[in-house]
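The structure appears right after this line, and notes come after that.
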Amino acid sequence: MNNSVKIGKSEVVSGPLGLGTNKVGGHNLFDGLKDSDGEAVIKAALNDGITLLDTAFMYGLGKSEDIIGNVIQDFDRSKFVIASKAAQDPNNDLKPNNDPKFLTKSIDESLERLQTDYIDIFYIHFPDDKTPKAEAVDALAQAKKAGKIRAIGISNFNLDQIKEANQDNQVDVVENNYSLVHRDAESEIFPYLKAHQISFVPYFPLASGLLTGKYSRNDADKFSRFSPSKFNQIMDSLDQIKTIAENHQATIAQTILAWYIANPDISVVIPGARLPEQVDSNAKALDVQLSSAEFDEINGLF
């Protein structure tokens, strides 16, 4: 494992590459998922030296945690980190609920599904619009004192909500949408996180596949959130990344993952995978060592 990463002010240490598991058991999010593929994905990750498994109740309404819980029984629990999340309330149309009692109960239920004594990082998955954020975080702080979780996370919180959640300096990590084509967090959130020793984990780092190099200029309609000119610009940038990738005998996706791994503002990058071959391919990003010139070039292209 190269360059291990400490999560916030906690004792949790991870490698820089994790696995997002929304395609492991996430039947409510993706069509045609097989549980057997999900199991194979988790095994591949742990065998490939990927040290953080990022899951959530919302991935299959507990199913992803169930699958992970079954697979990890055959592995040394001290060698990897589990992150899970809760907020969506099954008794209220899955609307976000940050009530301390609800979060406390959610942690206990996650521990049961994951068949483990502790969860390394537990995130409030989404803010609700009524619970004072510091109170919600305090519920996680109590669970941390009790040894049920080891680090406190929040996800999908904007800067004001992060500040409110962190008013007692208890937040260790923030997980938000960030990628080379979605960089608002750099100006809005990163300076605050850095000043308060809070780690950052980006989700959708490959922008729903756009940054893997598998799409062409004819696929603009699949990415309607970008204007045609912006989409073409992204495609031009990916063409140039191809040259850097070839120098490292790597794929475009591996090269872009290597950029996140090398980025001091990012703690752990968590690309998802539906099949074990995709996990094996992502894991090779750990072998891609970008020069500082290449890092700057990729940074500048986007």
Can you give me the number of residues within region 133-174 that are of a type in the set (G, A, S) and in contact (Cβ under 8 Å) with a residue 60 or more places away in the chain?
3
Taking the condition of being touching a Phe, Trp or Tyr at 6+ places or on another chain (Cβ under 7 Å) and either β-branched (V, I, T) or buried (at least 22 other Cβ atoms within 10 Å of the Cβ) (or both), how many residues in region 87-109 meet it?
3
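Can you tell me how many residues in region 37-67 are in contact (Cβ under 8 Å) with a residue 60 or more places away in the chain and of a type in the set (D, E, K, R)?
4
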Condition check: over 19 Å from E65 (Cβ atoms) and of a type in the set (A, V, I, L, M). Does A195 satisfy that?
yes
From the list V173, V137, which residue is out of contact with any helix residue (DSSP H, G or I) (no Cβ under 7 Å at 6 or more places or on another chain), modelled with pLDDT of 95 or more, crowded, with 20+ Cβ neighbours inside 10 Å and of a type in the set (A, V, I, L, M)?
V173
Return a yes/no flag: does region 2-16 have any residue that is at pLDDT 95 or above, in contact with a helix residue (DSSP H, G or I) (Cβ under 7 Å, 6 or more places away or on another chain) and not aliphatic (A, V, I, L, M).
yes
Out of the residues in region 200-216 that are surrounded by fewer than 17 Cβ atoms within 10 Å (Cβ to Cβ) and assigned to a helix (DSSP H, G or I), state the one that is modelled with the lowest pLDDT.
S208
Scanning region 56-112 for residues that are of a type in the set (S, T, N, Q) and under 25 Å from G15 (Cβ atoms), which turns out nearest to the chain's Cα centre (by Cα)?
S84
How many residues, within region 135-164, are of a type in the set (A, V, I, L, M) and over 14 Å from S84 (Cα atoms)?
7
Residues within region 246-286 that are of a type in the set (D, E, K, R) and on the phi > 0 side of the Ramachandran plot, tallied:
0
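Working carefully through the options D48, D76, D35, D31, find the one that is at pLDDT 95 or above, among the acidic types (D, E) and touching a Gly at 6+ places or on another chain (Cβ under 8 Å). Lay out the reasoning, then the answer.
On the way: D48 fails: touching a Gly at 6+ places or on another chain (Cβ under 8 Å); D76 fails: touching a Gly at 6+ places or on another chain (Cβ under 8 Å); D31 fails: touching a Gly at 6+ places or on another chain (Cβ under 8 Å).
Of the residues listed, the single one that is at pLDDT 95 or above, among the acidic types (D, E) and touching a Gly at 6+ places or on another chain (Cβ under 8 Å) is D35.
The values are calculated or read from the model by the stated rules, or taken from the named source; none is laboratory data. Here the structure is a predicted model, which is why all the values come from computation and not from measurement. As a convention, Cβ positions derive from the backbone with ideal geometry for all residues, glycine included, and neighbour counts pool all protein chains shown.
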